[in-house]
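Participant: Structure in structure tokens, see below.
The values are calculated or read from the model by the stated rules, or taken from the named source; none is laboratory data. Computed from a prediction, not measured in an experiment: that's the story for all the values here. Cβ atoms come from the backbone with ideal geometry, glycine included; neighbour counts cover every protein chain shown. Remember, those area values only see protein heavy atoms, side chains included, never the ligands or the DNA or RNA. Shrake-Rupley method; radii C 1.70, N 1.55, O 1.52, S 1.80 Å.
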Amino acid sequence: MKSNLISSLIEKGKIIYDVPGKTVQEVYRHVCDAIEFPENLSADQVYEALILREDLLSTAVGNGIALPHPRKSILREEESERIYIFFVKDPLDMGSPDGSLVSVFFLLLTKNRSTHLEILSSIAKMTQLPEIREKLINTKSDKDIIALFQ
């Protein structure tokens, strides 16, 4: 996976800090309401797709990271693909494999299934590296976060 693709998708998306919410539903609702989605995609569509996916199996991957995404693509065009990163005020128990509370979310919106799987895998691998996680969690700069994935 080209890390430049990940950084460009993050640039197309948005990074949100201090997201409130005591449950994953509250956090997703807040994020969906705060984001301007691509044309022909509503906050309610994204919220419902995320909750349906979360109800199947937690998107928490460990190390305080979750990778929420719709189970099936809800985008019509590849040009609409993007990644939103959000940091919650209060870490959530989402049943992570390692038991860690989740504080960083990467919301993936992709059209192509193979691209989707490659991005999920790349982000999961990168965030397993302690130095990447530490920089990710401790920075409050969009530019620095995007640079981590270049």
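Participant: Look at segment 60-83 and say how many of its residues are in contact with a helix residue (DSSP H, G or I) (Cβ under 6 Å, 6 or more places away or on another chain) and surrounded by fewer than 17 Cβ atoms within 10 Å (Cβ to Cβ).
Facilitator: Residues that pass the stated criteria total 1.
Table: residues versus (1) open to solvent by less than 10 Å² (accessible area, probe 1.4 Å); (2) basic (Lys, Arg); (3) within 23 Å of Ile145 (Cβ to Cβ).
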residue: Lys12; (1), (2), (3): no, yes, yes
residue: Asp18; (1), (2), (3): no, no, yes
residue: Glu36; (1), (2), (3): no, no, yes
residue: Ser58; (1), (2), (3): no, no, no
residue: Ile85; (1), (2), (3): yes, no, yes
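Participant: Filter segment 97-146 down to the residues that are more than 27 Å from Glu77 (Cβ to Cβ) and among the small types (Gly, Ala, Ser), then identify the one that is modelled with the lowest pLDDT.
Facilitator: By that ranking, first place goes to Ser141.
Participant: Something else: Give the residues of segment 20-34 that are within 24 Å of Asp144 (Cβ to Cβ) and either over 15 Å from the mean Cα position of the chain (by Cα) or among the β-branched types (Val, Ile, Thr) (or both), sorted by residue number. First the steps, then the outcome.
Facilitator: Pass one, segment 20-34, residues within 24 Å of Asp144 (Cβ to Cβ): 20, 27, 30-31, 34.
Passing the criteria: Pro20, Val27, Val31.
Participant: On to the next question. Within segment 64-84, does at least one residue satisfy the condition of being β-branched (Val, Ile, Thr), more than 16 Å from Asn4 (Cα to Cα) and in contact (Cβ under 8 Å) with a residue 40 or more places away in the chain?
Facilitator: Yes, because at least one residue in segment 64-84 is β-branched (Val, Ile, Thr), more than 16 Å from Asn4 (Cα to Cα) and in contact (Cβ under 8 Å) with a residue 40 or more places away in the chain.
Participant: I need the full set of residues from segment 125-136 which are touching a residue at least 12 places away in the same chain (Cβ under 8 Å), assigned to a helix (DSSP H, G or I) and loosely packed, with under 15 Cβ neighbours inside 10 Å, in order please.
Facilitator: Lys135
Participant: Among the residues of segment 88-124, what is the count of those that are outside any helix (DSSP H, G or I), out of contact with any Phe, Trp or Tyr (no Cβ under 8 Å at 6 or more places or on another chain) and surrounded by 15 or more Cβ atoms within 10 Å (Cβ to Cβ)?
Facilitator: Adding up the residues that qualify gives 8.
Participant: What's the number of the condition Ser7 fails, among (1) under 23 Å from Asn138 (Cα atoms); (2) open to solvent by 50 Å² or more (accessible area, probe 1.4 Å)?
Facilitator: (2)
Participant: Here is a further query. Take segment 1-59 and flag every residue that is of a type outside the set (S, T, N, Q), part of a loop (DSSP other than H, G, I, E, B) and modelled with pLDDT of 95 or more.
Facilitator: If the condition is that a residue be of a type outside the set (S, T, N, Q), part of a loop (DSSP other than H, G, I, E, B) and modelled with pLDDT of 95 or more, then Pro20, Gly21, Lys22 are the ones that fit.
Participant: Continuing with the same structure: Would you confirm, using the coordinates I've provided, whether Gly21 is small (Gly, Ala, Ser), out of contact with any Pro (no Cβ under 9 Å at 6 or more places or on another chain) and on the phi > 0 side of the Ramachandran plot?
Facilitator: Values: small (Gly, Ala, Ser): yes; out of contact with any Pro (no Cβ under 9 Å at 6 or more places or on another chain): yes; on the phi > 0 side of the Ramachandran plot: yes.
Answer is yes for this residue.
Participant: Which ones in segment 20-34 are among the β-branched types (Val, Ile, Thr) and surrounded by 14 or more Cβ atoms within 10 Å (Cβ to Cβ)?
Facilitator: Across segment 20-34, the qualifying residues are Val24, Val27, Val31.
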